[in-house]
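Q: Just passing along the structure, written as structure tokens.
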Amino acid sequence: MTEYERYVIEEHVEDFNDGLISRRELLRRVGLITGSVATATVLLSAMGCSTTPTGAPVAPTSRTSSAQPDFATPPARPTADGITVREDDPRIKVGPLAVTGTDGATLISYHATPAGRPPAGGILVVHENRGLVTHIKDVVRRVATAGFSAVAVDLLSRDGGADKLSDPAAYAAVLAKRPVPAMVSDLRQALGALSGSGVGAHLGMTGFCFGGGMVWNTLVSGAAVRAAVPFYGPAPADVAGLATTRAAVFAVYAALDTRITGSRNAMEAELKKTGRPYKITVYPGVDHAFHNDTGARYNATQAEAAWIATINWFRQYVPA
């Protein structure tokens, strides 16, 4: 079992424990990875994963915001369609950005830039384990409202991406089997395309859940980005490699997400060695994926706080 197969399985178990999916759906999702429900049952038992729910669904929150920043933020309430910034929003322009893998494959991408002004830099957005879905495209547009050129690529482009693998569990199962170096290579190609679009070396990246983990792995690979913001990302297998990054890193964690947040001390130990600015924030009272306004764990108050801090981090370090 690869590190990301285990990660995806553990995410499914968390969804089950929080009452978000049934036992039958848990076994179906894990079975897509293991090859059969029977094997899934044995594996879950061997991993010590209970198939009796341990908690109740997390109630989404709303917020009442008094100060409005000059860019789009996560919504005050959960969304059904994942759209908070429309494509025809006058603050942005949505247009193509060609991204090609090192093998010559055309990567499915989504690109937005600020309208009427040159971008302050470029930000790569890395999707969760569901692929380049509507919510991630919306995050790309939110970044563009803050004055940056932004792009996301689908890491299963060669398989048709999220549009073809529309069952999130099936998408996650295929993604979990893709080698980390191959995914990092695609992300570095996306950074190169973004750089070549006119922002030069003024690059940053952010990602969520699985995507947060891929941000860590891309930093370990030596990617030339000036700033990075991984949201509750699993630690890479090679934690020590992080000590060589030149990026200013702002790591976002969730207090209730102990499986991921438990790695924060190890990550901080490596970040200290870089000599670069870094910040680690554990947001209170929230769980994994609290920024995703289409999910059951969404927390509007902490999502807004984390997003404003993210944009401020990029504004401080990407143009510098």
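The values are calculated or read from the model by the stated rules, or taken from the named source; none is laboratory data. Every value quoted in this text rests on a predicted model; they were computed, and no experiment measured them. When we count neighbours, we look across all protein chains shown, and the Cβ atoms used for this are built from the backbone with ideal geometry, even at glycine. Surface accessibility is based on the protein's heavy atoms, side chains included, excluding ligands, DNA and RNA. Shrake-Rupley method; radii C 1.70, N 1.55, O 1.52, S 1.80 Å.
Q: State whether one or more residues within region 197-212 are among the β-branched types (Val, Ile, Thr), within 15 Å of the chain's Cα centre (by Cα) and either surrounded by 23 or more Cβ atoms within 10 Å (Cβ to Cβ) or not in a strand (DSSP E or B) (or both).
A: Our first condition is that a residue be among the β-branched types (Val, Ile, Thr); within region 197-212, this holds for 199, 206.
From what's left, within 15 Å of the chain's Cα centre (by Cα): 206.
Next, only the ones that are either surrounded by 23 or more Cβ atoms within 10 Å (Cβ to Cβ) or not in a strand (DSSP E or B) (or both) stay: 206.
Within region 197-212 (the criterion being among the β-branched types (Val, Ile, Thr), within 15 Å of the chain's Cα centre (by Cα) and either surrounded by 23 or more Cβ atoms within 10 Å (Cβ to Cβ) or not in a strand (DSSP E or B) (or both)), the answer is yes, since at least one residue qualifies.
Q: Now for a different question. Would you say residue 151 is in contact with a Gly (Cβ under 8 Å, 6 or more places away or on another chain), over 27 Å from residue 28 (Cα atoms), β-branched (Val, Ile, Thr) and open to solvent by less than 10 Å² (accessible area, probe 1.4 Å)?
A: On the way: in contact with a Gly (Cβ under 8 Å, 6 or more places away or on another chain): yes; over 27 Å from residue 28 (Cα atoms): yes; β-branched (Val, Ile, Thr): yes; open to solvent by less than 10 Å² (accessible area, probe 1.4 Å): yes.
Here the answer is yes, as residue 151 does meet what is asked.
Q: Consider region 256-267. How many of its residues are hydroxyl-bearing (Ser, Thr, Tyr) and either farther than 20 Å from residue 8 by Cα or touching a residue at least 40 places away in the same chain (Cβ under 8 Å) (or both)?
A: Quick first cut of region 256-267, residues hydroxyl-bearing (Ser, Thr, Tyr) only: 258, 261, 263.
Subsequent filtering for residues that are either farther than 20 Å from residue 8 by Cα or touching a residue at least 40 places away in the same chain (Cβ under 8 Å) (or both) retains none.
Selection size over region 256-267: 0.
Q: Among residues belonging to region 267-280 that are in a helix (DSSP H, G or I) and hydrophobic (A, V, I, L, M, F, W, C), point out the one that is nearest to the chain's Cα centre (by Cα).
A: Here is the first cut: in region 267-280, the ones in a helix (DSSP H, G or I) are 267-274.
Add one more test, that the residue is hydrophobic (A, V, I, L, M, F, W, C), and what stays is 267, 269, 271.
Values: 267: 17, 269: 22, 271: 20 Å.
The residue in question is 267.
Q: To continue, here is another question. For the list (1) modelled with pLDDT of 95 or more; (2) outside any loop (DSSP other than H, G, I, E, B); (3) farther than 30 Å from residue 32 by Cβ, I need the number of the one condition that residue 246 fails.
A: Every condition holds for residue 246 apart from (2).
Q: So in region 213-243, with the set limited to residues that are among the aliphatic types (A, V, I, L, M) and under 16 Å from the mean Cα position of the chain (by Cα), which one is farthest from residue 131 (Cα to Cα)? Step through it out loud before you land on a result.
A: First pass over region 213-243, keeping only residues among the aliphatic types (A, V, I, L, M): 214-215, 219-220, 223-225, 227-229, 235, 237, 239-240, 242-243.
After this cut, where a residue has to be under 16 Å from the mean Cα position of the chain (by Cα) as well, the list is 214-215, 219, 227-229, 235.
Values: 214: 13, 215: 15, 219: 20, 227: 23, 228: 20, 229: 19, 235: 20 Å.
This residue is 227.
Q: May I pose another question? Anything in region 309-320 that is of a type outside the set (Ser, Thr, Tyr) and open to solvent by 10 Å² or more (accessible area, probe 1.4 Å)? List them, or say none.
A: Passing the criteria: 309, 312, 313, 315, 316, 319, 320.
Q: If you don't mind, another one. Given the criterion touching a Lys or Arg at 6+ places or on another chain (Cβ under 7 Å), open to solvent by less than 10 Å² (accessible area, probe 1.4 Å) and in contact (Cβ under 8 Å) with a residue 24 or more places away in the chain, identify the matching residue among 162, 169. Explain how you work it out, then say what you get.
A: On the way: 162 fails: open to solvent by less than 10 Å² (accessible area, probe 1.4 Å).
Just one listed residue meets the conditions, 169.
Conditions tested, residue by residue: (1) of a type in the set (Val, Ile, Thr); (2) open to solvent by less than 40 Å² (accessible area, probe 1.4 Å); (3) in a helix (DSSP H, G or I); (4) in contact with a Cys (Cβ under 8 Å, 6 or more places away or on another chain).
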{"residue": "282", "(1), (2), (3), (4)": "yes, no, no, no"}
{"residue": "286", "(1), (2), (3), (4)": "yes, yes, no, no"}
{"residue": "303", "(1), (2), (3), (4)": "no, yes, yes, no"}
{"residue": "307", "(1), (2), (3), (4)": "no, yes, yes, no"}
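Q: Just checking, how many residues over region 42-69 are surrounded by 17 or more Cβ atoms within 10 Å (Cβ to Cβ) and either within 14 Å of residue 169 (Cβ to Cβ) or modelled with pLDDT of 65 or more (or both)?
A: 3
Q: Right, something else. Under 6 Å by Cβ, and 6 or more places apart or on different chains, what pairs join a residue from region 229-255 that is under 13 Å from residue 268 (Cβ atoms) with one that is basic (Lys, Arg)?
A: Once the first residue is under 13 Å from residue 268 (Cβ atoms) and sits in region 229-255, its partners that are basic (Lys, Arg) give 243/273; 250/279; 253/264.
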